[in-house]
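Read through the structure below, which is laid out as structure tokens, and then see the notes.
Just so you know, all these numbers are worked out from the coordinates, no wet-lab data involved. None of the values given here were measured: they were computed from a predicted structure. Cβ: placed from backbone, ideal geometry, glycine included. Neighbour counts: every protein chain shown.
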Amino acid sequence: MADDDTTSFDQIEQHKENIQPLASGRSARALVASLSSRSNPVFARAEHAAKQAEFEEELRGSSDLDDPLEVWVRYVSWTQETFPSGHSTDSGLLQLLERATQTFVHEQHYKNDPRYLRLWIQYIQNFSDAPREAFAYLARHDIGQRLALFYEEYAALLEKMGRKKQAGEIYQTGMENNARPTDRLLRKFEEYMQRLEHDPPADDEPSSPALPAVRPALAAKPFGGGLGSGGLGGSPAPQQQSQASQPKPKQAKQKMAIFSDADPAPSSKAPSIIEKPTSGWEDIGTLEQRKKENTIEARPWAGEVLKQEGVKTKSAGKMMIFRDESSLPKQNVPSVQQNVLSTSLPSNKRPERVAVNLELIYADEENPTEELSFDELRAIKRGQYGIDWNRIREEQDEAAREQRRKNTHRGEVMEEPRAPIKVKTVLSPSPNRGKIKRKGQAPASPTMTFHTRAATDEIYDIFNQPMKKTSMTGEDRDDDDDDDDDDGSESGGEESDGEDYTIGTQVGQAEESGPEGDDGEDDEDARSVKSEWSDFTLRRDPPPHEGEEGDEVEGSPEVQSAEAGFGKLAIHRDEPKAGNEAAIHRDEPGDEEPGLPFCPAPHKILIPSPPDDFDPPRLPYHAAKETQSQGQSRLPYMTPIVEKTESLPPTTARRKDAAKTPSRSRMSDIMDDNLMSSPFEELNSVLPPPLAPSTIPAPAPKERKPFGAKPVAAARAKETAQKGPIIQDLQCNPMDESLRANISDKLQPPLKTYEGFFEHTTKFGRGAEIKRFAKAMSKRDGEKTTYNISQAPIVEFVTGDGGSSYTIKRELGKGAFAPVYLVENNIVADAEDEAEEAGSDDENAAGLLSLNKKIIGRTRLEAMKMEDPPSPWEFYIMRQAHRRLGVSRPVESILKAHEMHLFADEGYLLLEYRDQGTILDLVNIARAEVGTGTNTGVMDEQLVMFLSIELLRTVEAMHSKGLLHGDLKADNCLVRFENIPENTWSARYRRDGANGWLEKGITLIDFGRGIDMKLFQPTVQFIADWKTDNQDCAEMRELRPWTYQVDYFGLAAIIHSMLFGKYIETTADRGNILGGGTKKYKITGSFKRYWQTEIWSSVFDVLLNPLQYVKDEEGACMPVSKSVRNCREEMETWLETNCEKGVGLKNLIRRMEGVLGKKR
Amino acid sequence: MSQPANQFELSSPPEDVISSLTFSPNNPSRLLVSSWDKSAHLYDTNAGLNGSKLTAFPHAASVLDCCFGETDSDVFSAGLDWQVQQLDPETGKGNMLAIHESAVKSICYNTETKSLLSGSWDQSIKQIDPRSPGSTSSYAQPHKIFSLSTISHILVVAMSSRSVYLYDLRNMSSPWQRRESSLKFMTRTVRCMPNAQGYASSSIEGRVAVEFFDPSDESQMRKYAFKCHRSTEGGVDVIYPVNTLAFHPIYGTFASGGGDGVVSLWDGMAKRRLRQYQKYPASIAGLSFSNNGKHLAIGTSSGFEDGHDDGACPPESIKIFVRELQEGEGKGKGQ
């Protein structure tokens, strides 16, 4: 290749990173020659070795030559040419330079030879680890002291290091020494002075002399004072060399001084006295010597062990790092089963294990600092955690009051009852109880000790209407009534226990003997209840004090209310059972005091006495529950009433269904319940519910229901308009939790009137379980087994209207605080299944499907966002967006929020599910396709234009309604390419959305950072107090206040990533305006020339610098919707004319649909 | 287990896990015990051979802590029912003083301000004047409160997430000092030194830390932590939680009780262990020295504390021992 006159640069091109630049430049030809030789490295190496040997030979004889330096210079230059990559083991450039320079250090006649100095400078520039020291060494040995090159190089080095003053000194010294060429040095000095003028040296830069005398003690003494002050040791002028005198006595000290960086007075040494050790600084040393402390001697690798830090090999056998806890032999640690090795600090000590189960204590893996103390664990274990005692007390108070009223009716003198009624000891779990619990009884049950009249009343209200005719005989009822009266006066402390227990039993018994044949499920419930009560009866050996208590309170209202409590308890336990409910209903109308629930009588004959080891059958619900949750100790302690509300009284319809699909009976319950008490009915108040006649339970008492959720008051309550902004601050952090809480409190109308919003006062506590499941699912991904599905947690929300239920499928996305799961809406799923089962010929089924308002607008698959800590904020913003935008095109681009369940500990947001992925996915698909065919690795401009239009339109509409998204990014934009028939979709883009274009677009998600501007003063400005990065808008990054900028920047970022396939980067440009000019932000990338650069640059300009467009707006304030709209319209116009060019927009979209579809 | 001569087992112990116990600061034979059996129990340790129960105070839910007030007739309790109550030893009745938003884990009485302090899992502490419960003030904390202790005018609040706040009771508006526990694991309990110089805290991972109130560097240099309540079982060091601490009212030494059923006496100043008592059959749930320093009450009950994952507590593990200290037992080195 090198044979030709022309040199091929192709080869150089490929190697250019590996070519070390030389100040003198390189010969292209030589480069090519050396590079081309690489094609045969073995040969090349041999050739090089031969050449090197040749040089070495020449060097050996060089002492005879007139100019031995010449050989070295040739050798060095050959090496540099042959090995363009600089020093390597092959080239040995470093060693070569070291040898060359050291050889002539003491050669007087080479001292001012520019070739020699150049060798030095090459060495210093390329290899020296302390260039300043090396220059000082040269000065000391008087090398190059007459050459301007020395001073220039040294000064340049110092200047680069920021030691400008010292650089100046060096120039001065050079001029004083008449270094040649003088003119060049002078010129360089002038240039330096000019630079200095523009950029004067900082005050704090080192002011010590460039080379010498920082330490007069060392410098001055042996060498006299005259030179101490001068730069470069008072110039190493030759005439001074003679002065170099008698430093002998201080030899040792000088040696020390020599190796200090700021060694003074090198010049005062007589470099001429070279042989004498007293000249000091005999040798600057090769790089290897200088670094010798840091090098490890090379040793053969065989048998070497890579040492690990902190671990002694001796203890390796005992290390427990991979020890499986569960496999620990139990007999060794009798009391401890499976504890985590926590303090696994590698040590040579015995392995350690924490006795307590840390997994229990740090149960929430997402939040490791949230610990549970032993007492909390115990409370959870015993189902006494998360009970709302205020509510219980309230109800007890109420019950007590009623009781009192009743008693005063009878003329009895009443003692003011104290707030809590002490009946607990009676029910305290005994060892006996504990045993039963272990056998599998749901731990939640003991919590159900208290229910009050008020609660019962509600239950009555709920169950009042339907099915009155079913169940028991009138006799039972009469008994109840009678006993009710007797009870108050007759019951004694001793007896009361027994009586109480019989109540439950009696009810249960009556239910069983009821004329109406219940299905098996109900039957089982009844038995389980019975057994539980008998359980209490059995372990009745009250501690002495208990007896005392009983005596004390004999005949007092406390006993009464206690009994009432038990009566109620029984009722609650029975709730799922049709018969009992009916019994209660029967009871109610006969009672002359509607506010008073029955206080049933003891039926001692009926006390069944099951054997001690009686294992109570579990409620099917509990059974189901247990299979769902692996860690029983982490069971959510929902109180049974919560669970029961789901299975409301039977209806004829339900019976029929149950018979048809027995396996689904529970779900059909819910279905029917919905039919009966959906809030939608209240909402619309159009039709009376088809199956529940006349009496719809009033919403008011429902709200007092003890453990269920507050049902949503129907949104028909007239909406009172927001009156003025809630937040008066003119500058605030809109994400601030307290601020948001403040807003939520003051919202008018309040959040809880929003349809689909449910606030629960209880804790839900399913988060960890769901997360575990999702994790397990993702691990087992691909291994599709029904086993997984059967384990899927079912999340049930209990609300006033029957609640809803979702089966977790898998995790869709994971945020810092809010994972999103794909869930199956069980109600919809069941409805669909049922409709399918019933067959198409059954008109009823179809009717049923559409009739059930619960599922209108809902789909089988939905997304559930789990928030911890819970916040209703996102729900609020989404609902506001939908409300304010009304029925319009942009509203299609905002995700629908179906329901929000706010618990004390977690929040669940039910969202519409779109399975087509995000814009980020589109970007990545495009990136993945790079290299295939004509693909450039970024999305096609037409598609980008189309999506940008959609984005701009949506955001513009939101802004016009005072809503900010706050977190716009490519992964927060779902693709919305609805499936539409081919013939309804034209290839020609229509900006008005006609011909099917309406169905294609985007959907914004994740409104967790949304901002409602209407809640703030119009002049509000926001401050972000979180850590920002390049993906946050310029205002945030620069800690300036912002409002709408956050969304504009977000839009710019999305469009940028679509166009360029990478994240946005911006630069600020102050333009030519000096001072006071506003910064203008630009993206750093440049548009491809075939893009619509005008459109894009104006889009980015508006989005990145919205404030500069404010003047065009009405009222000259944000948002800059007008400018944004202009941009969008421009884009629309272009797209309408150009949408069919090339592949065509429609085909692009179609292709993306295909790829996205495949991905799922 | 055979009873050492200088120790007896209290008759009629509670029926469920003992949550705490404390001697009266005024009467060396009054012992108050709170339990998960939903009662607080008042004992006279001097009566009869094995002491006797004077009163049981029934509660709506498990009692988590109890303490004495100014006199023996001022008895306070708090528990899972969210309430702080004043109990009347004469009648056994309770009088509600304050209600938290969650279970109340710890209470303590400060003699200087004559106020009762309560800490709850609802992340707040309340300062209650038992004579006028209406004037209760509440102070929000960042975490669940696990343990309170007070001496002089200082209140130490140990919370979850290893957070420890020190308050000056004369100015409760903001914490006097915010600290992080010196221990890596969950704080189990915290107790102030009787000389009001500092406090000791224990963690669930077999460690006790001794720290000082004085925020100066010099004082902070003196703080230290040590390992304890560990035992070798089958070649593995099993680390037990340190459930309870009690300072000797006279000598200023302290006792620690762990999940291993061991009670140790420590000299916090000399950094020495003074005594280790024979192992008790179950986890130590509570410790308290009598006001004259002559007796040490030891409550034991099984559960999470000694590694039962299900928290099961066999009734035979629930016991209260009263140990009579020998002359000088519990005296620190060089005292």
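Some notes on this structure:
- Over the range A:10-144, the Kirkwood radius and the radius of gyration, each from Cα atoms, give a ratio Rg/Rh of 0.99.
- Relative to the globular-protein estimate of 2.2 N^0.38 Å, the Cα radius of gyration of the range B:76-208 stands at 1.01.
- Gaussian network model of chain B, Cα within-10 Å springs - most flexible of B:His59, B:His153, B:His41: B:His153
- Over 26 Å (Cα to Cα) - which of A:Lys1027/A:Lys1062; A:Lys1062/A:Lys1122; A:Lys160/A:Lys1082; A:Lys763/B:Lys144 fall in this group: A:Lys1062/A:Lys1122; A:Lys160/A:Lys1082
- Over 25 Å between alpha carbons, listed pairs A:Lys381/B:Lys38; B:Lys279/B:Lys319; A:Lys961/A:Lys1000; A:Lys111/A:Lys188; A:Lys111/A:Lys291; B:Lys93/B:Lys114: A:Lys111/A:Lys291
- Whole-angstrom gap from the range A:975-1001 to the range A:159-197, using each part's C-alpha centre: 73 Å
- Amide H partners (placed H, <5 Å) of A:Glu811, local residues excluded: A:Leu822
- Shielding by other protein chains, B:12-19, mean Cβ within 10 Å: 3
- Per residue, the convex hull spanned by the Cα atoms of the range A:915-1159 measures out at 141 cubic angstrom.
- Volume per residue of the convex hull around the Cα atoms, evaluated for the range B:1-71, comes out as 95 Å³.
- The distance separating the Cα centre of the range B:138-165 from that of the range B:204-259 comes to 18 Å.
- Amide H contacts under 5 Å for A:Ile894: A:Leu1004, restricted to partners 5 or more places along the chain or on a different chain, H placed in the peptide plane at 1.01 Å from N.
- Order of A:Thr1028, B:Thr300 - criterion: other Cβ atoms within 10 Å of each residue's Cβ, fewest first: A:Thr1028, B:Thr300
- Seen from all directions on average, the range A:900-1008 presents a Cα convex hull projection of 9.4 nm².
- Exposure proxy shown here: for A:Arg299, A:Arg976, the number of other Cβ atoms within 10 Å sets the order, fewest to most, as A:Arg299, A:Arg976.
- Under the Karplus curve 6.51 cos²θ - 1.76 cosθ + 1.60, θ = phi - 60°, whole-Hz ³J(HN,Hα) for the range A:153-159, x wherever Gly or Pro sits: 5, 5, 5, 4, 4, 5, 5
- Phi-based couplings in Hz for the range A:910-921 (Karplus 6.51, -1.76, 1.60; Gly and Pro marked x): 8, 10, 4, 10, 10, 10, 9, x, 10, 4, 4, 4
- Alpha-carbon Debye profile of chain B, log10 I(q)/I(0) at 0.07, 0.10 Å⁻¹: -0.25, -0.52
- In terms of surrounding Cβ atoms within a 10 Å radius of their Cβ, B:Val63, A:Val32 rank from fewest to most as A:Val32, B:Val63.
- Note on the range B:130-179: along the principal axes its Cα atoms extend 33, 21, 18 Å, ordered by decreasing extent.
- Karplus-based coupling profile of the range A:388-404, in residue order and whole Hz: 8, 6, 4, 5, 4, 5, 3, 5, 5, 4, 4, 4, 5, 4, 4, 4, 4, with θ = phi - 60° in 6.51 cos²θ - 1.76 cosθ + 1.60 and x standing for Gly or Pro.
- Under 5 Å from the amide H of B:Ser19 lie the amide H atoms of B:Ser34, B:Ser35, B:Trp36, each residue being 5 or more positions distant or on a separate chain, with H modelled from the backbone and absent for Pro and chain starts.
- Compactness ratio for the range A:1006-1152: Cα radius of gyration over 2.2 N^0.38 Å (N = residue count) comes to 1.16.
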